[in-house]
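Asker: A single structure is presented below for examination.
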Amino acid sequence: MEGKEFLSKIEKEMAKCVVGKEDIIKLLLISMLSKGHVLLEGIPGLAKTTIVKNFAKTFGLSFSRIQLTPDTMPSDIIGVYYYSEKTKDFAIKKGPIFTNILLADEINRTPPKTQSAMLEAMQEGQATVEGTSIKLPEPFILLATMNPLESEGVYSLPEAQMDRFMFKITLEYPKKDEEIAMLKKKYEGSFETVNSVISSEELNEAFEKVLEIKISDEILEYIYEIVKMTRTDDRLLYGVSPRASEQILYASRALAYLNGRNYVIPDDVKEVSKYILVHKIKLKIDYEIEGISNKNIVNEILDKAVVFKKTGDN
């Protein structure tokens with residue numbers, strides 16, 4: 001299946017339950033094909049859970065949701081060993097993390113100890129239950145939500161965990177026509193159930209085609225130029241790590257596939273970088289006070305980065 005057809009089938013099916021949000025759906029699909037994780041930021045009521053749950057259904061993949069709270073323990077996510085009276089032996093009760101798509105609602109409401117329970121899964125695709133490492137289903141994607149307005153009773157995500165999220169996506173209020181269309185569908189009861197439209201064979205084929213997407217040395221130089229600029233900007237405490245470079249590489253290939261090409265162009269790199277870099281840099285406090293944001297810095301870097309520029313070895 002070609003990339004444009006793959007994207008069209010998902011968008012058409014998702015339109016049964018969601019009005020608009022095509023950009024969000026495309027980014028989720030890029031993350032899926034890149035096997036990357038996503039942080040969704042937005043106030044309650046913007047259909048974050050609806051989007052994620054139905055997105056999983058279009059692939060026929062398993063889906064779990066965790067409502068994170070201050071008293072959520074790592075074992076609530078990963079699972080525990082218990083003694084079975086039936087078998088007279090210890091058995092594992094797997095937690096909700098053993099799924100294809102895991103929605104971690106309000107991830108910043110749970111303490112760092114519990115947040116860190118997801119780090120191994122995000123990086124290694126496995127979870128360790130009382131010393132025993134167990135592989136997670138393939139693919140495994142973590143989609144976490146965060147409310148940007150709350151400051152009480154929340155915990156900042158550690159930099160190590162933020163770095164593992166490929167994308168940070170901010171959900172905005174719907175446009176006027178989208179919200180009216182949503183209300184009309186609610187009034188008419190015309191929202192439909194989403195079905196699986198992509199088989200496991202088709203998904204595996206898409207994974208393989210993404211890996212076949214060509215990327216030139218000039219594009220690799222362009223990616224390096226972008227990440228280097230985050231490391232040399234005097235307004236930042238630190239720039240992005242090589243993990244960000246890898247994520248830009250993977251995501252730009254997935255975007256090229258969905259756009260119907262077998263090679264990456266600079267616009268692919270620029271588009272995905274907007275969502276990959278913003279949460280991986282740290283602005284100095286002086287510039288925060290002046291009203292400058294991470295988004296401002298990233299947009300400025302992407303405007304200045306020179307395509308095909310040879311950067312040397314430094």
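The values are calculated or read from the model by the stated rules, or taken from the named source; none is laboratory data. Quick caveat: nothing in here was measured; it's all calculated off a predicted structure. Cβ: placed from backbone, ideal geometry, glycine included. Neighbour counts: every protein chain shown. Heavy atoms of the whole protein, side chains included, go into the accessibility calculation; ligands, DNA and RNA do not. Shrake-Rupley method; radii C 1.70, N 1.55, O 1.52, S 1.80 Å.
Asker: Residue under question is GLU202, and the condition is that it be in contact (Cβ under 8 Å) with a residue 40 or more places away in the chain and either part of a helix (DSSP H, G or I) or open to solvent by 10 Å² or more (accessible area, probe 1.4 Å) (or both); does it hold? If you could, list the steps in order and put the result at the bottom.
Answerer: Working: in contact (Cβ under 8 Å) with a residue 40 or more places away in the chain: yes; either part of a helix (DSSP H, G or I) or open to solvent by 10 Å² or more (accessible area, probe 1.4 Å) (or both): yes.
Yes: the conditions hold for GLU202.
Asker: List the pairs whose first member sits in segment 43-61 and is over 20 Å from SER200 (Cα atoms), whose second member is of a type in the set (S, T, N, Q), and whose Cβ atoms are under 7 Å apart, counting only residues at least 6 apart or on separate chains?
Answerer: Going by the 7 Å Cβ cut-off, the qualifying pairs are ILE43/ASN147; PRO44/ASN147; LYS48/THR145.
So that you can scan it fast, the table gives a plain yes or no per residue for (1) among the hydroxyl-bearing types (Ser, Thr, Tyr); (2) buried (at least 16 other Cβ atoms within 10 Å of the Cβ); (3) more than 19 Å from the chain's Cα centre (by Cα):
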| residue | (1), (2), (3) |
| --- | --- |
| SER31 | yes, yes, no |
| PRO70 | no, no, yes |
| ILE78 | no, yes, yes |
| ILE97 | no, yes, no |
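Asker: Identify all residues within segment 237-261 that are assigned to a strand (DSSP E or B) and within 23 Å of the chain's Cα centre (by Cα); write none if there are none.
Answerer: As a first pass, look at segment 237-261 and keep what is assigned to a strand (DSSP E or B): 237-238.
Within segment 237-261, TYR238 is the sole residue that qualifies.
Asker: Just checking, does segment 69-92 include any residue being among the β-branched types (Val, Ile, Thr), in a loop (DSSP other than H, G, I, E, B), closer than 23 Å to PHE59 by Cα and touching a strand residue (DSSP E or B) at 6+ places or on another chain (Cβ under 8 Å)? Please lay out each step first, then the result.
Answerer: The first filter runs over segment 69-92 and keeps only residues among the β-branched types (Val, Ile, Thr), leaving 69, 72, 77-78, 80, 87, 92.
Applying the additional criterion that residues be in a loop (DSSP other than H, G, I, E, B) yields 69, 72, 87.
Those left that are additionally closer than 23 Å to PHE59 by Cα: none.
No: zero hits.
Asker: Also: Inside segment 120-135, can you point out the residues that are farther than 22 Å from ALA56 by Cβ, touching a residue at least 40 places away in the same chain (Cβ under 8 Å) and not charged (D, E, K, R)?
Answerer: Of the residues in segment 120-135, the ones farther than 22 Å from ALA56 by Cβ are 128-133.
Subset that is touching a residue at least 40 places away in the same chain (Cβ under 8 Å): 128-130, 132.
Answer for segment 120-135, where residues must be farther than 22 Å from ALA56 by Cβ, touching a residue at least 40 places away in the same chain (Cβ under 8 Å) and not charged (D, E, K, R): THR128, VAL129, THR132.
Asker: Tell me which residues, restricted to segment 274-288, are surrounded by 14 or more Cβ atoms within 10 Å (Cβ to Cβ) and either hydrophobic (A, V, I, L, M, F, W, C) or in contact with a Pro (Cβ under 9 Å, 6 or more places away or on another chain) (or both).
Answerer: ILE276, LEU277, VAL278, ILE281, LEU283
Asker: Okay, moving on. With crowded, with 17+ Cβ neighbours inside 10 Å and either farther than 20 Å from SER31 by Cα or of a type in the set (D, E, K, R) (or both) as the only criterion, which of ALA91, ALA104, ALA117, ALA121 stands out?
Answerer: Values: ALA91 fails: crowded, with 17+ Cβ neighbours inside 10 Å; ALA104 fails: either farther than 20 Å from SER31 by Cα or of a type in the set (D, E, K, R) (or both); ALA121 fails: either farther than 20 Å from SER31 by Cα or of a type in the set (D, E, K, R) (or both).
Being crowded, with 17+ Cβ neighbours inside 10 Å and either farther than 20 Å from SER31 by Cα or of a type in the set (D, E, K, R) (or both) holds for just one of ALA91, ALA104, ALA117, ALA121, which is ALA117.
Asker: Looking at (1) open to solvent by 40 Å² or more (accessible area, probe 1.4 Å); (2) closer than 27 Å to ILE66 by Cβ, which one does LEU142 not meet, given that it meets all the others?
Answerer: (1)
Asker: Does segment 9-26 contain any residue that is touching a strand residue (DSSP E or B) at 6+ places or on another chain (Cβ under 7 Å) and part of a helix (DSSP H, G or I)? Spell out how you get there, then give the answer.
Answerer: Here is the first cut: in segment 9-26, the ones touching a strand residue (DSSP E or B) at 6+ places or on another chain (Cβ under 7 Å) are 24.
Those still in the list that are part of a helix (DSSP H, G or I) too: 24.
Within segment 9-26, one or more residues are touching a strand residue (DSSP E or B) at 6+ places or on another chain (Cβ under 7 Å) and part of a helix (DSSP H, G or I).
Asker: Condition first: open to solvent by 60 Å² or more (accessible area, probe 1.4 Å) and under 16 Å from the mean Cα position of the chain (by Cα). Now tell me which residues in segment 50-62 satisfy that. Before the answer, list the steps.
Answerer: The initial filter retains those residues of segment 50-62 that are open to solvent by 60 Å² or more (accessible area, probe 1.4 Å), namely 53, 57.
The one that is open to solvent by 60 Å² or more (accessible area, probe 1.4 Å) and under 16 Å from the mean Cα position of the chain (by Cα): LYS53.
Asker: Confirm whether ASP234 is in a loop (DSSP other than H, G, I, E, B) and acidic (Asp, Glu). If you could, list the steps in order and put the result at the bottom.
Answerer: On the way: in a loop (DSSP other than H, G, I, E, B): yes; acidic (Asp, Glu): yes.
So ASP234 passes the test.
Asker: Next question, about the same structure. Among the residues of segment 112-140, write down those that are among the basic types (Lys, Arg) and touching a strand residue (DSSP E or B) at 6+ places or on another chain (Cβ under 6 Å). Let's see the steps before the verdict.
Answerer: Restricting attention to segment 112-140, the residues satisfying the condition of being among the basic types (Lys, Arg) are 113, 135.
Selection gives LYS135 alone.
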